[in-house]
1. Say R0 is 30 Å: what FRET efficiency, to the nearest 0.05, do residue 174 and residue 128 get from their beta-carbon distance?
2. I need to check one value: relative contact order of the stretch 5-60, counting alpha carbon pairs closer than 8 Å and at least 6 residues apart, in percent.
3. Please figure out what share of the DSSP beta bridges in the stretch 159-315 is antiparallel and state it in percent, rounded to the nearest 5.
4. Pairs of alpha-carbon atoms within less than 8 angstrom and 6+ residues apart define the contacts here; what relative contact order does the stretch 212-288 have, in percent?
5. What 222 nm value per residue comes from the helices of the chain, counting each DSSP H run with n ≥ 4 as -39,500 (n - 2.57) and dividing by all residues, nearest 500 deg cm²/dmol?
6. If packing is taken as the mean number of other Cβ atoms within 10 Å per residue, what is the order of 189-200, 61-72, highest first?
7. With a ≥ b ≥ c the root eigenvalues of the C-alpha gyration tensor of the stretch 168-243, is it rounded (a/c under 1.5), prolate (a/b larger than b/c) or oblate?
8. Give the distance, in whole Å, between the Cα centre of the stretch 202-280 and the Cα centre of the stretch 63-116.
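Each value in this text was obtained by applying a stated rule to the coordinates, not by laboratory testing. All of these numbers come straight from a predicted model, not from anything done at the bench. In this analysis, Cβ positions are derived from the backbone assuming ideal geometry, glycine residues included, and neighbour counts consider all displayed protein chains.
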Ligand SMILES: Cc1ncc(COP(=O)(O)O)c(C=O)c1O
């Protein structure tokens with residue numbers, strides 16, 4: 001198989017696997033236990049916390065491990081609203097602001113918690129100005145009653161890199177909190193939470209060659225938020241529950257390597273892939289978003305007049321794994337709302353395939369992927 005679906009998930013690397021293994025076998029202690037086995041686990045968890053913190057320019061004490069990017073996103077939104085309610089700040093004009101291209105982990109959570117707390121969710125459309133996202137619609141949407149602004153750093157379907165620092169500054173000018181979904185960013189773009197100016201930032205290990213079921217939330221020092229889960233005193237009381245030691249250890253190693261990865265090599269392979277498609281398929285294809293700031297690993301390609309889902313199945317038969325943005329719900333396939341929000345027409349979105357490479361991708365795989373695409377299209 002040729003795996004070009006790394007925005008869905010990535011392979012665990014041998015270094016990550018080797019680091020995790022002892023904590024599944026002989027070093028199985030509970031990090032909260034006082035004895036030696038517990039202590040070994042505690043030391044490993046804290047070492048991993050340091051590694052994750054360093055990868056995003058944070059302090060160890062600002063990192064809370066959790067189960068996933070989805071959990072982090074749900075928490076960020078719920079916590080901002082709970083905090084506002086507890087402080088007596090909710091009023092008829094209270095609102096939260098999100099981008100039109102947020103992942104469902106943010107979009108659905110905003111819709112749910114917004115309804116629960118009677119807070120309006122303002123969805124900001126994507127406008128592009130001189131080859132970049134225009135912050136103007138954010139300036140229009142954010143006001144004195146904005147409690148939270150949620151803006152992702154890198155989009156999962158298009159690869160678009162958003163001007164988070166600029167939008168965060170707008171939010172800060174009215175005293176709103178800022179959550180940044182960073183799940184697709186680490187290992188693809190440099191991440192420094194301080195420079196971004198965000199209050200919360202999420203990570204998910206399985207997107208950067210770590211294991212599944214482990215994520216982390218950066219919460220800026222001094223930020224007073226309710227606990228993610230209530231119970232024991234794990235994670236400094238911020239998220240109760242016995243730590244997933246093997247997952248945390250794997251995430252630490254994966255984060256360290258992702259932050260150090262040379263993305264120039266990935267971008268060069270992606271460009272070779274896109275050039276190969278243009279040479280072989282000419283105007284039958286169009287590379288979406290190539291003139292926008294995008295992550296180095298992604299190629300969103302329109303196959304004109306084709307049905308993306310059918311093409312995906314044909315590619316799978318040729319041994320190539322990729323993806324479309326459409327979601328299959330109750331047997332019917334919908335068009336990706338993200339691609340539509342990015343400005344594609346329905347037919348263009350329907351014929352779009354997302355190819356996502358990783359630092360493990362090789363030149364030979366790029367060549368074989370090109371053959372597979374051409375064969376599938378035939
Ligand atoms: C941008 C973005 N946010 C959040 C998530 C959810 O992360 P997880 O799979 O860890 O729940 C994903 C996963 O695809 C994502 O791409």
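1. It comes to 0.75.
2. Values: 34 pairs, mean separation 9.6, N = 56.
Dividing the mean separation by the residue count of the stretch 5-60 yields 17 percent.
3. 70 percent
4. Result for the stretch 212-288 is 18 percent.
5. -12500 deg cm²/dmol
6. By packing density, highest mean first, the sequence is 61-72, 189-200.
7. oblate
8. 20 Å
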